[in-house]
Amino acid sequence: MKLVRRDFLKAAGLSGVGLALQGCGKTTPEPEPYSTLAGGTAETWIETACSLCAGSCGIRVRSIRGNAIKVEALPGDPPEYKGICPRAHAMLQLLYDPDRLDGPRVSYGRKGEPSWEPATWSEAVRRIAATMNDLRARGQAHSVVAIASSGTDLAATATRRFLSAYGSPNHVECVDGWVLAGRLAAHRLCGVWGDFVPDWSKVRFILSLGSPLLDASPHTHSFLSALGGFRRGREGERGKWIQAEARYSVSAAKADEWVPIVPGTEGVLALGLARSLLDSGQVAASEAMSPLRRHLANGYAAARVERIAGVPAGTVERLARALLEARSAVVLPPEGGPMTENSVSTVTAIHALNALIGAFGTRGPMRLVPAGEVFDLGPVTLDDVAKEGLAVPPILPGVGPAGEPCLPVSLLARASRPNVVLLLDAASLRSLAPVERNRLHAWLDRIPLVVSFSSYLDETASHADLVLPASTPLESWNVFRRIETGRAVLQRPAVAPFRDTRQPVEVLIDVARELGGTAAAAFPSGSWRDLVSRQVAAAFPGPRTDAVPNLAFAFPREFPAPPGEGRAEEGTLLLYPYGGIMDSRGIAANAPWLLESFGLLLRERWKPWAEIHPETAARLGIRDGDMARLESPHGAIRIRARFWEGIRPDVIAAPLGIGGSGCGQWSANRGDEVLALAGDERDADTGALATAGIRVQVTRG
C-alpha cells in the first residue's frame, strides 16, 4: 500500500507540527483568575529560560501564592516562535515530582550496596572540602575530576574556574557524539574547532540526511522557531524539505518527501550526490576541491550508492538535480540520530557537498561558530600547588585537536583512577547503554569519594558516597548563550526551592570558600545569584561567526562503507534506535506527561515498542501487538511489535527513553531498554558508541 503523506497525517491525528508546539495530550485549561481563588493572592509572572535542551528558549511562568502552575512561551523570544515544546511544559512535573530527594544523602554501605542516611548541606560541603584539602597537601590536586554536560553557560565557566584555582586540569565535558563528529569535521575541513549552524533565514531548500529536525536534532529548537518562515514567510515562495531517513518520523511527515535510506549510509549518499553534481559539468569546482574529486574517482556512482544506501539510482540523480536547481540549499548530517562507526567521515562528506552547492561563503546559509569559552570571570590567581596540579596531563585527554576536554561520557571508564569524582550532571548518565553504564559503575566503585548531584536515588547514585539533590530549572539561576545568535539568555527561579535542593555550582562555591586560599579567592564575595547578576550586567559579546569562504578539503582515508555494504545479513534486521522530542532520558526521565505522549506516530506510550514493516512481520510470523524477541550478539530484549509501513523492510526501529531501571515511580520497570542490544562497537574518531545498524534476529515471543 502506498503511504500518502496527507492520508497519513489524517490517520495519525497530526496537523503539521502542532502537537509538538502545543504540548502533550489535551490542552490545559486556563487557570481561574486569582481573585476567584481562596485567599485571593495576586498572581506573578516570572520571565526565565528553559534548560532542558540546547535551545534555552525564553519562557514565562505563572505563579499563584508561590506555586508555579503554568509555563508558556515568552513572547518575542525568539521573535518567530509562538509556542514551546512538551519538554518545557514538563518542567512543572519535574518541580513537583514526589520522587525527588528532599535533602542530601550519605552512604555508609559498600559501593553498589548503599545504606543511605540523611545529611545536611554543611556536612556535605565540609566532607568534600576536607578530602580535597588532604589531596592538596599531598600534592594530588590533579586527582579531582568534575564531570558535566557540555554547555555554553555561566555555571560551566564557574566550574572550570573552581578547578583551576584548586589545581586540577580535569574538567570533563561529556559531549554528544554527533556534536563531536561535527567539530572534528569542521577542523578537518576548515581548521576550526566549532559547530556548523544553518542560518534558517537564508535557507530555501533542505536535504536532511538523517537529521531528525523535529524529533531530536541539536537544531530542533531553532528550526521550530524558523519553520513558519521557511514554509510561508516569503512572498510567492515556499521552502522545500526532503527527509532521507530509515523510518517515517515526525520530521519525514512534515517534509515534502521521504527517502528511505539504510541507517549509517548517509555519507555514501552525500558522496554519490557530489559525484553526480561534478559529472554534470554544471558545478564550478575550485582547485581546493581537487582532493574531493580524487576521492570520488574511487566510486560513488549512483548505481553503487543504490547498492550500499538502498536509494534508487534514479532518486540519487533526481536529488542531485534538485540541489543544482535550488537556491540557498543546505544538506544536514544525521546529528541527533543513532551514531555510526564512521560519523566524522559522514559529516565531512556532507559538508563537502555543502561547499560544492555554495552553502558556505558570505551569502551562503551555513555558518561556522567556533567553540570555546563564552564568559569571562577574570583571571584566576594560582599558588604553587595549583600550578603543579594544572601541569599534570588530564586523566583522559579530550578528542579535540588541541586536547579540548570534550569526549563521550562512555569513555570515562577508560581513565586512570582519580581520588574524587564530582558528577555534576548525573542525570545525563541515564542515557548510557547498559554496557557503558556497567563499565562506568565499576570505575566509580574504585574511587574513594564519588559525589553525585542527582534528584533521585537512581542506579548511578548507588555507586556514590554522597548524593546531593540538584535544583530543577524552575528553581535555578544561570546564563546561557544561544549558539545560533550568540544572545545571552537569563535563567532565574520562578519559585523558591520546592525541596531542600541546591545547584551544583552553588555547592562548588561553598566548597571553594571552605578550602580557603586561591580557591576561595576565585569567588571572593557574594552568592551564585550575585555572580549571575554581575555577569548579566557586563557587556556580552556575540560569537565570532566564520563565513568559511575557503575550505581546505582533506580525506585522509577511504570513506568506509558499513559491513556488508550497509544491508542486513540473511535472517537479521538492522536496528534503528531513535530519539524524539518526548525523549525523557536525563533530567526529565520521570515526567509522566512525556511518557504519556511519547509515541506521536503510533500513539504508543508508557512502555517501549518496536516498529516493523507488515511484510517483514508476516514473513516472521509476527502479528501487530505481539511480543517479539530481539537478539543481537550482545544481548536480547522482549518488546511489543507494532506494524508500521513507514519503515524500510530491512529495518526494525525502537524509541530511546523508555525502559530500563528508571529513576522514579513513573519511569521504573517499563520494559527492556533497546540499547541492551548494543555491544562495544565505536566510532573510530570520537569514541562514541555506534548504535546505528546493529544486526538483530527477530522472532515472535
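The values are calculated or read from the model by the stated rules, or taken from the named source; none is laboratory data. Since we're looking at a predicted model, the values are computed, not measured. Glycine also receives a Cβ, built like all others from the backbone with ideal geometry; neighbour counts cover every protein chain displayed. When the accessible area is computed, the model is the full protein with side chains, heavy atoms only, and any ligands, DNA or RNA have been set aside. Shrake-Rupley method; radii C 1.70, N 1.55, O 1.52, S 1.80 Å.
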(message) Based on this model, can you work out whether Ala326 counts as open to solvent by 10 Å² or more (accessible area, probe 1.4 Å), modelled with pLDDT of 85 or more, within 26 Å of Ala246 (Cβ to Cβ) and not polar (S, T, N, Q)?
(response) yes
(message) Taking the condition of being within 24 Å of Leu214 (Cβ to Cβ) and touching a residue at least 24 places away in the same chain (Cβ under 8 Å), how many residues in the range 601-642 meet it?
(response) 13
(request) Kindly indicate whether any position in the range 361-377 is more than 19 Å from Val192 (Cα to Cα) and among the β-branched types (Val, Ile, Thr). (result) no
(message) Quick check on my filter: what residues within the range 347-389 are assigned to a strand (DSSP E or B), open to solvent by 20 Å² or more (accessible area, probe 1.4 Å) and closer than 24 Å to Arg327 by Cβ?
(response) Arg367
(request) Scan the range 134-148 for residues that are within 14 Å of Ser416 (Cβ to Cβ) and assigned to a helix (DSSP H, G or I) and report the count. (result) 2
(message) Let me spell it out: the conditions are (1) in a loop (DSSP other than H, G, I, E, B); (2) under 32 Å from the mean Cα position of the chain (by Cα), and Gly299 meets all of them except one. Which number is the exception?
(response) (2)
(message) Just checking, does the range 487-496 include any residue being within 30 Å of Trp200 (Cβ to Cβ), among the β-branched types (Val, Ile, Thr) and modelled with pLDDT under 90?
(response) yes
(message) Can you report the number of residues in the range 303-323 which are in contact (Cβ under 8 Å) with a residue 24 or more places away in the chain, open to solvent by 10 Å² or more (accessible area, probe 1.4 Å) and not charged (D, E, K, R)?
(response) 3
(request) Tell me which of these Ala520 doesn't satisfy, since it passes every other one: (1) assigned to a helix (DSSP H, G or I); (2) under 24 Å from the mean Cα position of the chain (by Cα). (result) (2)
(request) Tell me the strands (runs of 3 or more DSSP E) entirely within the range 149-256 that contain at least 1 residues that are within 30 Å of Asn133 (Cα to Cα) and touching a helix residue (DSSP H, G or I) at 6+ places or on another chain (Cβ under 9 Å). (result) 171-174
(request) Look through Ala636, Ala668, Ala676 and report the one residue that is assigned to a loop (DSSP other than H, G, I, E, B) and closer than 28 Å to Asn590 by Cα. (result) Ala668
(request) State all residues of the range 674-701 that are under 25 Å from Trp178 (Cβ atoms), open to solvent by 40 Å² or more (accessible area, probe 1.4 Å) and charged (D, E, K, R); if no residue qualifies, say none. (result) Asp680, Glu681, Asp685, Arg695
(message) Out of Leu468, Leu474, Leu429, Leu440, I need the residue that is open to solvent by less than 20 Å² (accessible area, probe 1.4 Å), over 22 Å from Met91 (Cα atoms) and either at pLDDT 85 or above or not hydroxyl-bearing (Ser, Thr, Tyr) (or both). Which one?
(response) Leu440
(request) For Val175, indicate whether it is surrounded by fewer than 23 Cβ atoms within 10 Å (Cβ to Cβ), under 17 Å from Gly579 (Cβ atoms) and under 18 Å from the mean Cα position of the chain (by Cα). (result) no
(message) Tally up the residues in the range 356-384 that are touching a strand residue (DSSP E or B) at 6+ places or on another chain (Cβ under 9 Å) and of a type outside the set (D, E, K, R), please.
(response) 14
(request) Could you check, for the range 476-489, whether at least one of its residues is free of Cβ contacts under 8 Å to residues at least 40 places away in the same chain, within 30 Å of Ser143 (Cα to Cα) and not hydrophobic (A, V, I, L, M, F, W, C)? (result) no
(request) Evaluate the following for Glu611: is it outside any helix (DSSP H, G or I), acidic (Asp, Glu) and surrounded by fewer than 21 Cβ atoms within 10 Å (Cβ to Cβ)? (result) no
(message) Would you confirm, using the coordinates I've provided, whether Val259 is open to solvent by less than 50 Å² (accessible area, probe 1.4 Å), in a strand (DSSP E or B), at pLDDT 90 or above and touching a helix residue (DSSP H, G or I) at 6+ places or on another chain (Cβ under 8 Å)?
(response) yes
(message) I need a count of the residues in the range 96-106 that are crowded, with 21+ Cβ neighbours inside 10 Å and more than 11 Å from Thr501 (Cα to Cα).
(response) 2
(message) Among the residues that make up the range 491-499, is at least one of them closer than 30 Å to Phe223 by Cα, crowded, with 23+ Cβ neighbours inside 10 Å and out of contact with any Leu (no Cβ under 8 Å at 6 or more places or on another chain)?
(response) yes
(request) Six or more apart or on different chains, Cβ under 9 Å: which pairs go from a residue in the range 643-659 that's over 18 Å from Pro260 (Cβ atoms) and in a strand (DSSP E or B) to one that's open to solvent by 10 Å² or more (accessible area, probe 1.4 Å) and hydroxyl-bearing (Ser, Thr, Tyr)? Could you list them? (result) Pro655/Tyr578
(message) Here is a check on your reading of the model: is Pro86 of a type outside the set (A, V, I, L, M), surrounded by fewer than 18 Cβ atoms within 10 Å (Cβ to Cβ) and either under 28 Å from the mean Cα position of the chain (by Cα) or modelled with pLDDT of 90 or more (or both)?
(response) no
(request) Look through the range 172-221, keep the residues that are among the hydroxyl-bearing types (Ser, Thr, Tyr) and in contact with an Asp or Glu (Cβ under 8 Å, 6 or more places away or on another chain), and return whichever of them is nearest to Arg87 (Cα to Cα). (result) Ser217
(message) If a residue must be in a loop (DSSP other than H, G, I, E, B), more than 15 Å from Ala668 (Cα to Cα) and aliphatic (A, V, I, L, M), how many such residues does the range 433-466 contain?
(response) 3
(request) Given the conditions (1) modelled with pLDDT under 90; (2) in a helix (DSSP H, G or I); (3) surrounded by fewer than 24 Cβ atoms within 10 Å (Cβ to Cβ), report the number of the one that Arg619 does not fulfil. (result) (1)
(request) Quickly run through the range 680-701 and pick out the residues that are in a loop (DSSP other than H, G, I, E, B) and more than 21 Å from the chain's Cα centre (by Cα). (result) Gly701
